Every structure is written in C-alpha cells, then in structure tokens.
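S.K.: I'd like to ask some things about the structure below.
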Amino acid sequence: MKTLKCRDVGFDCNAEVKAQTEQEVLSQASQHAKSVHGVDVTPEMAEKIKTKIKDDGAR
C-alpha cells in the first residue's frame, strides 16, 4: 500500500491518500488538490509529489 499525506507536500491539511500503486496515489492526490486546494497538479509537481509517497508495506 502506498500513502501520501497532504501535509507532506506543503499544505496545512490532514488528508491522506492510500492506494495500491504510485499512479493511483497521484491520481487521487491530483483530484484532492484540485477540489480542496484549487491547485492543478502539473507534471513537474507530480514528479516532486512522487518523492513524498511512502510504502507502508501493507498489502
């Protein structure tokens, strides 16, 4: 399971995205960024966000 905390990418937000793959996390995080923070995630931002995704080891 992959996890991304919104706070880890610089937002004052407690949201957390969990998914099986990095791509699923990025997709969900992009939707969250747009709907909650009004931010469109660019390809450059996505590359930076990828570095913040953690693998929690759960399957």
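S.K.: In contact with a helix residue (DSSP H, G or I) (Cβ under 9 Å, 6 or more places away or on another chain), of a type outside the set (Ser, Thr, Tyr), open to solvent by 60 Å² or more (accessible area, probe 1.4 Å) and not in a helix (DSSP H, G or I) - does that describe any residue in region 19-32?
M.R.: No: zero hits.
S.K.: Test each condition in (1) at pLDDT below 95; (2) surrounded by 13 or more Cβ atoms within 10 Å (Cβ to Cβ) for ASP8 and report the one that comes out false.
M.R.: (1)
S.K.: Criterion first (of a type outside the set (Asp, Glu), out of contact with any Ser or Thr (no Cβ under 8 Å at 6 or more places or on another chain) and in contact (Cβ under 8 Å) with a residue 12 or more places away in the chain) does THR51 satisfy it? Steps first, answer last, please.
M.R.: On the way: of a type outside the set (Asp, Glu): yes; out of contact with any Ser or Thr (no Cβ under 8 Å at 6 or more places or on another chain): yes; in contact (Cβ under 8 Å) with a residue 12 or more places away in the chain: no.
The answer is no for THR51.
S.K.: Here is a further query. What's the number of the only condition in (1) touching a strand residue (DSSP E or B) at 6+ places or on another chain (Cβ under 8 Å); (2) open to solvent by 70 Å² or more (accessible area, probe 1.4 Å) that LYS48 fails to meet?
M.R.: Every listed condition holds for LYS48 apart from (1).
S.K.: Follow-up question, since we're still on this one. Return the total of residues in region 28-48 being touching a residue at least 12 places away in the same chain (Cβ under 8 Å) and more than 15 Å from LYS18 (Cα to Cα).
M.R.: Selection size over region 28-48: 5.
The values are calculated or read from the model by the stated rules, or taken from the named source; none is laboratory data. Model, not experiment: these values are computed from the prediction. All Cβ positions, even for glycine, are placed from backbone atoms using ideal geometry, and neighbour counts span all protein chains on display. Heads up: the accessible areas ignore ligands, DNA and RNA and are worked out on the full protein's heavy atoms, side chains in. Shrake-Rupley method; radii C 1.70, N 1.55, O 1.52, S 1.80 Å.
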